[in-house]
């Protein structure tokens, strides 16, 4: 979905956060969240559908809190990019998996989600000397990304951009992993290639991409799941768990293997969504059959 707002609006938020700090700037977020929940029908419908699957029912107030959580996590990126991790209460679970990889100088693929904040993972990795690169499609968020890179130009070096109709980005991923670094990619949004399978998720079936598993099979590298959860007012819980030492796709039953891998990922994502429902940020008809 295309961005809303303008560079000026984003820069005003940057100035406010600089002058007022995180706590006072956060006071304007409920107003922004309410505006989106009331006026953006697509966001409101998607949030209601998702929250009903979690709670059995959903209200407009829950939608506002859902959108508000996304707004807070987005605001928090400004502080993370400035290196202000001191304003957050960060807890890690399974970090030993990554430190072990770093000690062995072994690269790995991290399958993440639009859940909580990938920025806190990337920022913390810089302080812990655990190099994490983020693979994704960033063209639909050029305004905010331009401002964020302006806050920390080094951030851009850790982003690997997916380019439709140009698969050479895979070589960049391979180079980083061969260098003993980690590459994070999202496992809960189908890419431009449309390669996906439908698996159970929150009471229905939904399309999940197969790209991460195809890439892992080619790279012959370990695969881990990495999720983060935001908890008000300033806590982030980061989770890392093993997924596969290597991904093998048998020639005779390749599709079934991909479906099994995507189903395992979806089951773990569902568990984290149920633990912190307001953290999942796919504001579109995720269960649509098309």
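The values are calculated or read from the model by the stated rules, or taken from the named source; none is laboratory data. What you see is a predicted model; the values in this text were computed from it and never measured. Neighbour counts run over all protein chains shown; Cβ positions are idealised from the backbone, glycine included.
Six or more apart or on different chains, Cβ atoms under 7 Å: show the pairs whose first residue is in the stretch 250-266 and farther than 17 Å from residue 109 by Cβ and whose second is assigned to a helix (DSSP H, G or I) and modelled with pLDDT of 95 or more.
250/257
Considering the stretch 243-290 alone, what residues qualify as being within 16 Å of the chain's Cα centre (by Cα) and assigned to a loop (DSSP other than H, G, I, E, B)?
Of everything in the stretch 243-290, those that are within 16 Å of the chain's Cα centre (by Cα) and assigned to a loop (DSSP other than H, G, I, E, B) turn out to be 276, 281, 282, 283, 284, 286.
Residue by residue through the stretch 163-193, note down the ones that are at negative phi, more than 15 Å from the chain's Cα centre (by Cα), free of Cβ contacts under 8 Å to residues at least 40 places away in the same chain and in a loop (DSSP other than H, G, I, E, B).
164, 167, 168, 193
Checking the condition in contact (Cβ under 8 Å) with a residue 12 or more places away in the chain, touching a helix residue (DSSP H, G or I) at 6+ places or on another chain (Cβ under 8 Å) and assigned to a helix (DSSP H, G or I), which residue from 214, 238 passes?
214
Filter the stretch 145-183 down to residues that are in contact with a strand residue (DSSP E or B) (Cβ under 7 Å, 6 or more places away or on another chain) and at pLDDT 85 or above, then give me how many there are.
Narrowing the stretch 145-183 to residues in contact with a strand residue (DSSP E or B) (Cβ under 7 Å, 6 or more places away or on another chain): 158-160, 162, 169, 172-173, 176-177, 181-183.
Now drop any that are not at pLDDT 85 or above, which leaves 160, 169, 172-173, 176-177, 181-183.
Qualifying residue count for the region: 9.
Quick check, is residue 111 under 29 Å from residue 255 (Cα atoms), at pLDDT 95 or above and either in a helix (DSSP H, G or I) or out of contact with any strand residue (DSSP E or B) (no Cβ under 9 Å at 6 or more places or on another chain) (or both)?
Numbers: under 29 Å from residue 255 (Cα atoms): yes; at pLDDT 95 or above: yes; either in a helix (DSSP H, G or I) or out of contact with any strand residue (DSSP E or B) (no Cβ under 9 Å at 6 or more places or on another chain) (or both): no.
For residue 111, the condition - under 29 Å from residue 255 (Cα atoms), at pLDDT 95 or above and either in a helix (DSSP H, G or I) or out of contact with any strand residue (DSSP E or B) (no Cβ under 9 Å at 6 or more places or on another chain) (or both) - is not met.
For the stretch 237-276, name all the residues that are surrounded by fewer than 12 Cβ atoms within 10 Å (Cβ to Cβ) and in contact with a strand residue (DSSP E or B) (Cβ under 9 Å, 6 or more places away or on another chain).
245, 246, 255
Looking at the structure I just gave you, is residue 13 under 25 Å from residue 181 (Cα atoms) and buried (at least 19 other Cβ atoms within 10 Å of the Cβ)?
Values: under 25 Å from residue 181 (Cα atoms): no; buried (at least 19 other Cβ atoms within 10 Å of the Cβ): yes.
It is false that residue 13 is under 25 Å from residue 181 (Cα atoms) and buried (at least 19 other Cβ atoms within 10 Å of the Cβ).
Can residue 204 be described as out of contact with any helix residue (DSSP H, G or I) (no Cβ under 6 Å at 6 or more places or on another chain), modelled with pLDDT under 95 and surrounded by fewer than 21 Cβ atoms within 10 Å (Cβ to Cβ)? Spell out how you get there, then give the answer.
Working: out of contact with any helix residue (DSSP H, G or I) (no Cβ under 6 Å at 6 or more places or on another chain): yes; modelled with pLDDT under 95: no; surrounded by fewer than 21 Cβ atoms within 10 Å (Cβ to Cβ): yes.
No.
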